[in-house]
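Written out below as structure tokens is the structure these notes cover.
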Amino acid sequence: MVAARRFDLADADQTAALGATLAHHLVAGDVIHLDGDLGAGKTTLARGLITRLDPTARVKSPTYTIVEPYETRALALWHLDLYRLNGSADLDVLGLGDALDRSALLIEWPDRGGDATPPADLRIALAYTADDLRRATVTALTARGIALLRLLDQSLKQP
Ligand code: ADP
Ligand code: MG
């Protein structure tokens with residue numbers, strides 16, 4: 001059984017809000033993949049998630065640094081963008097396996113890391129539909145992912 005949910009996002013604020021909703025459910029060891037073309041809204045969602053945990057965080061795209069770590073009160077979190085990675089050897093030196101012991105990972109362009117990319121609990125695929133509209137397809141890929149998707153669903157149903 002594949003558990004998946006779709007969300008229509010009318011503008012960048014709604015995309016950020018989806019990230020923010022997920023924020024407080026994350027724990028160390030959780031891995032979220034963010035898929036979608038350039039400009040689809042991956043960093044926008046990540047920014048919404050991170051600033052919910054730390055409103056003072058200045059979230060910049062990790063396009064050039066590959067990884068930006070955040071220490072928030074509730075959670076340590078690594079935001080990664082693997083677009084510019086030169087193969088999985090580059091990823092090995094980052095020590096993601098060790099990071100997972102104490103951090104959650106949010107990974108843009110996860111496919112660029114090949115086999116070295118930690119597998120996702122939850123995959124969020126963002127697709128451009130028209131102008132500011134985006135569609136997010138959230139897919140649970142592990143038992144933990146199913147739990148996260150359920151928590152996300154419940155949070156969004158609350159008034
Ligand atoms: P990515 O990280 O996927 O390359 P970004 O989040 O950096 O994408 O950029 C998305 C761009 O699209 C931003 O300039 C943002 O303001 C704009 N945008 C317009 N509508 C949306 C939407 N519904 N969701 C996310 N971003 C949107
Ligand atoms: Mg980005």
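Once the piece of chain linking LYS60 and TYR128 is laid out straight, how much longer is it, given 0.36 nm per residue of separation minus the C-alpha distance between them?
Gain on extension, LYS60 to TYR128, equals 22.3 nm.
Express the carbon and sulfur contribution to the solvent-accessible surface of the chain as a percent, rounded to the nearest whole number, probe 1.4 angstrom.
50 percent
Treating the beta-carbon of each Lys and Arg as +1 and of each Asp and Glu as -1, no other charges, what is the dipole magnitude of the chain about its Cα centre, to the nearest 20 debye?
In debye, rounded to 20, the chain gives about 440.
Can you tell which of ALA12, TYR128, LEU94 lies farthest toward the positive end of the dipole of the chain, using +1 and -1 charges on the Cβ of basic and acidic side chains (Lys, Arg; Asp, Glu)?
Highest projection toward the positive end goes to ALA12.
Over the chain, what is the percentage of antiparallel beta bridges among all DSSP beta bridges, to the nearest 5?
60 percent
Can you give the Rg to Rh ratio of the stretch 110-159, both from alpha-carbon atoms, with Rh computed by the Kirkwood formula?
1.07
Pairwise over distinct Cα atoms, reciprocal of the mean inverse distance: report the Kirkwood radius of the stretch 69-127 in Å, one decimal place.
About 12.1 Å for the stretch 69-127.
Averaged per residue, what accessible surface does the chain expose to a 1.4 Å probe, in Å²?
Per-residue value: 52 Å².
Take every DSSP beta bridge whose two residues both sit in the stretch 69-159, then give the antiparallel share in percent to the nearest 5.
65 percent
Tell me which residues come under 5 Å, amide H to amide H, from ALA76 once H is placed; ignore anything under 5 positions away on its chain.
ALA104
Using only the Cα atoms of the stretch 1-109, what are the Rg and Dmax in Å?
My reading of the Cα-based Rg and Dmax gives 13.7, 40 Å.
Karplus couplings for the stretch 40-49 from phi (6.51 cos²θ - 1.76 cosθ + 1.60, θ = phi - 60°), rounded to Hz, Gly and Pro as x?
For the stretch 40-49, the Karplus-derived couplings read 6, x, 4, 5, 4, 5, 4, 4, x, 5 Hz, x marking Gly and Pro.
For the stretch 100-107, just list the computed ³J(HN,Hα) in residue order, Karplus coefficients 6.51, -1.76 and 1.60, θ = phi - 60°, integers in Hz, with x standing in for Gly and Pro.
Once rounded to whole Hz, the list reads 5, 4, 10, 9, 8, 10, 10, 10.
Using a 10 Å cut-off on Cβ atoms, rank the peptides 144-152, 96-104, 14-22, 54-62 from the highest mean neighbour count down.
14-22, 144-152, 96-104, 54-62
Could you work out the Kirkwood radius for the stretch 31-82, taking every pair of different alpha carbons, averaging 1/r and inverting it, reported in Å?
Computed over Cα pairs of the stretch 31-82, the Kirkwood hydrodynamic radius comes out at 11.4 Å.
The values are calculated or read from the model by the stated rules, or taken from the named source; none is laboratory data. These numbers were taken from a predicted model, which means no experiment stands behind them. All Cβ positions, glycine included, derive from the backbone under ideal geometry; neighbour counts span all protein chains shown. Please note that ligands, DNA and RNA were not included when accessible areas were found on the heavy atoms of the full protein model with its side chains. Shrake-Rupley method; radii C 1.70, N 1.55, O 1.52, S 1.80 Å.
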